[in-house]
Structure formats: C-alpha cells, structure tokens
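Only the coordinates and a few stated rules stand behind these numbers; no lab work does. Predicted model, so just to flag it, every value in this text is computed and none were measured. Because the Cβ atoms are built from the backbone with ideal geometry, glycine has one as well, and the counts that use them run over all protein chains shown.
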Amino acid sequence: MKKTTTNPASKLICDFFGHKYEVSKKVTSHVKEYTCKCCKKQLTTNSNGNLTELTPKYKEINTILEEIYTRRMMRLKSKTLSSSIY
Ligand SMILES: [Zn+2]
C-alpha cells in the first residue's frame with residue numbers, strides 16, 4: 001500500500017473540531033476571504049456581513065469590490081496629501 005501525500009484525515013478533523021480559518025485576503029475593511037488551514041476550504045463575507053462559501057461568483061464580486069475599494073482609498077490618500085501641503 002502506497003501512502004498518499006494528501007491527508008484525508010484533515011477533513012475529518014475539520015468535521016469534528018471545526019475549520020481553522022485564517023484571513024487569506026483582505027478585500028475591503030468589511031469583506032475578507034478566509035481559508036481553512038486544514039482542508040483549504042474558502043469562505044468570504046457576503047453583503048449581509050455573514051460568512052459564506054467562496055464560490056467563483058463571490059470571487060468575481062470580491063475582485064470588483066477590491067478594485068472600487070483600493071481606488072477610493074487611493075483617492076482619499078491623495079486628497080489628504082494635497083490638503084496637508086496648505
Ligand atoms: Zn477545514
């Protein structure tokens with residue numbers, strides 16, 4: 001019997017003890033993406049502020065959200081920079 005590198009027990013551990021989620025990506029100040037350290041399951045914050053499975057649809061939404069957010073932050077930053085000159 002050959003041993004595989006993937007650990008099928010990790011999913012069992014998650015089922016039993018719960019997932020060990022850590023923030024894998026900060027989309028906005030409210031929306032984050034989480035990945036389970038154990039089984040690599042991904043979650044994200046939805047529009048209601050609840051955690052939901054990170055589907056391709058949510059990935060798409062998050063990409064757009066991140067774009068809007070970073071653009072807004074950059075605009076805010078340049079505004080405070082230019083106003084601090086005066
Ligand atoms: Zn897990």
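Some points to look at:
- Taking Lys and Arg as +1 and Asp and Glu as -1, the other residues whose beta-carbon sits under 11 Å from that of TYR21 total +3.
- Within the shell defined by Cβ-Cβ distances under 14 Å, the residues around SER47 carry a net charge of +1, with Lys and Arg each +1 and Asp and Glu each -1.
- Neighbourhood charge, 15 Å Cβ-Cβ cut-off, centred on CYS36 and excluding it, Lys, Arg +1 and Asp, Glu -1: +3
- Residues MET73 and THR52, FRET efficiency given R0 of 25 Å [Cβ-Cβ distance, rounded to 0.05]: 0.50
- Peptide packing: for 72-79, 40-47, 11-18, the average count of neighbouring Cβ atoms within 10 Å per residue gives the ranking 40-47, 11-18, 72-79, highest mean first.
- Across LYS59/LYS79; LYS25/LYS77; LYS20/LYS79, pairs whose alpha-carbon gap is larger than 32 Å: LYS20/LYS79
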